[in-house]
Amino acid sequence: MGCGKNIWKVHVLPKAKHLLWRICKDCLPTRVQLQEKNVQCPLDCPICEHEVEIEWHSLFDCNDSRNAWQAAGLTLIISQHMQSFTTTRECILHICSETDKNTAGKIAMLIWVLWNNRNNAVWNQTKEMGQQLGVKAMCLWSEWDAVQVARNSNIQAEQQQQITQWQRPAQGWYKCNVDAGLHHGKTTAGWCIKDNMGVC
């Protein structure tokens with residue numbers, strides 16, 4: 001399974017896609033990964049402080065991560081992938097290629113929230129509970145999705161407006177086009193009356 005184009009097609013904010021890409025390129029700075037690069041740091045998970053911090057543990061197997069998956073309503077989906085694959089990379093690549101783009105987006109958002117929580121624990125000595133993280137991720141994804149839907153609707157409306165052109169009235173008829181504006185408390189209005197030949 002190559003680290004392919006499907007990551008970039010997931011319906012989620014770009015920084016979450018970038019995180020998935022980093023995971024698939026094996027450059028997520030877990031404590032085990034850092035020690036392999038000769039960075040002196042503890043090996044234990046900064047969230048639970050019981051297990052060695054590897055990608056799989058941080059994102060799927062840590063108790064807080066499990067609670068987050070459950071709170072997000074994604075436990076069944078992620079459990080199926082955890083049973084089918086042995087690496088985080090394989091799991092993510094399969095999710096990105098075989099799961100619908102919205103579900104994959106929710107999963108990506110939760111992974112991003114989990115990793116941010118981990119970073120807050122390391123750098124700011126603060127962390128949120130797993131259940132809060134699951135709810136937070138789904139709220140963030142829903143808000144982001146709503147903005148995308150509204151943005152796409154606006155783009156379509158603008159494109160439709162650009163397509164609409166003035167049409168001549170039937171012979172013997174006149175057409176009156178009007179427009180109005182408000183600028184710095186001043187109201188302006190204008191109109192133009194044309195016949196079927198376009199003559200005012």
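Each value in this text was obtained by applying a stated rule to the coordinates, not by laboratory testing. Bear in mind that the values here come from a model prediction, so they are computed numbers and not experimental data. Glycine gets a Cβ as well: all are built from the backbone with ideal geometry, and neighbour counts include every protein chain shown.
Highest mean first, how do 31-40, 47-56, 79-88, 105-114 rank when packing is the count of other Cβ atoms within 10 Å averaged over residues?
Put in order of decreasing packing, that is 105-114, 47-56, 79-88, 31-40.
With a 10 Å cut-off between alpha carbons and a GNM built on the chain, which of Lys175, Lys101, Lys17 moves the most?
Largest GNM mean-square fluctuation: Lys175.
Summing -39500 (n - 2.57) over the DSSP H runs of n ≥ 4 in the chain and dividing by its residue number, what mean residue ellipticity at 222 nm do you reach, to the nearest 500 deg cm²/dmol?
-17500 deg cm²/dmol
What is the spin-label model distance, in nm, from Ser97 to His184 if the labels are put 7 Å beyond Cα along the C-beta direction?
Label at Ser97, label at His184, 6.1 nm between them.
Which peptide among 120-128, 188-196 comes first, and what is the full order, when sorted by highest mean count of other Cβ atoms within 10 Å?
The peptides rank, most packed first, as 120-128, 188-196.
Which residue, Cys41, Cys24, Cys62, has the most motion in a Gaussian network model of the chain that connects Cα atoms within less than 10 Å?
Looking only at Cys41, Cys24, Cys62, the largest GNM fluctuation is found for Cys41.
Hey, which of these cross-link pairs are over 18 Å Cα-Cα: Lys15/Lys106; Lys5/Lys37; Lys106/Lys136; Lys5/Lys25; Lys25/Lys101; Lys25/Lys127?
Distance filter (> 18 Å) returns Lys5/Lys37; Lys25/Lys101; Lys25/Lys127.
Quick one: divide the alpha-carbon radius of gyration of the chain by 2.2 N^0.38 Å and tell me what you get.
1.60
What distance in nm separates the simple spin-label points at Lys25 and Lys194, each placed 7 Å from Cα in the Cβ direction?
Placing both labels 7 Å beyond Cα along the Cβ direction yields 5.4 nm.
Using Cα pairs closer than 8 Å and at least 6 residues apart in sequence, work out the relative contact order for the range 6-160, in percent.
Averaging sequence separation for qualifying contacts and normalising by length gives 29 percent for the range 6-160.
Among all the aspartates and glutamates, which ones have a C-alpha under 17 Å from Lys194's C-alpha, if same-chain residues fewer than 8 places away are not counted?
Filter leaves Asp179.
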